[in-house]
Amino acid sequence: MHSANFTDQFLIAMPSLEDPNFFHSVTYVCEHSEDGAMGIVINHPTDLTLESVLEHMGISIEVDASQVPVFNGGPVQPDRGFILHPPERRWTSTMQVSERISVTTSRDILEAMAQGSGPGSYLIALGYAGWGPGQLEQEIGENAWLTCPSDPDILFQQPTEKRWQAAAGRLGVDLSLMTGQAGHA
């Protein structure tokens, strides 16, 4: 049986999903295979900024990075950085997910960003969400998540607090009308 592949899709947490790591979250799926899945939560900002991350890494800053949010990408490896960006350029450690989105984990992209020569659009996250083999498919089957094709506009342009509703809106779903109750008798 061939199952769906959710790479380059958004996972939209259903209102009933109460795990604090994923409450009202939108997750961008970077990788999905029979071995499991990996994604980055794109709408849970931390209290960190790009400036604080660059300072922590000892990277000299030439641009104002004090207003650039850093997101909590998920509970796995929360000290590891991931940058989602359009694939206009490759860095030391870049994985192109689709023709519209890449993910980079190497220091050189941060150094370029600190100099003002990084990607034009990007999202920075610490940590990621991971699922074991078949786990994501099972959670989707249990109605924990809605899925839809990713949208760079939601990822890079949409205000953080509007991403959850905007992603669901791509499916014609108004999450505010849904209750947190599962549909079981």
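Across the range 39-48, computed HN-Hα scalar couplings (Karplus, 6.51 cos²θ - 1.76 cosθ + 1.60, θ = phi - 60°) run x, 10, 6, 10, 9, 10, x, 8, 8, 8 Hz from first to last residue, x flagging Gly and Pro. Kirkwood analysis of the Cα pair distances in the range 76-185 returns a hydrodynamic radius of 16.2 Å.
Only Lys, Arg, Asp and Glu count, each charged at its Cβ (+1, +1, -1, -1), so figure out the dipole size of the range 50-170 about its Cα centre, rounded to 20 debye.
So the dipole magnitude of the range 50-170 works out to roughly 180 debye.
Relative to the Cα centre, the charge distribution of the range 13-66, modelled as +1 at Lys and Arg Cβ and -1 at Asp and Glu Cβ, gives a dipole magnitude of about 120 debye. Calculated [222 nm] ellipticity per residue, helices only, for the chain: -4500 deg cm²/dmol; basis is -39500 (n - 2.57) per DSSP H run with n ≥ 4, divided by all residues, nearest 500.
Quick note: the coordinates plus some simple rules give every number you see, no bench work behind them. Everything numeric in this text was worked out from a predicted model, so none of it was measured. Reconstructed Cβ throughout: ideal geometry from the backbone, glycine too, with neighbour counts over all protein chains shown.
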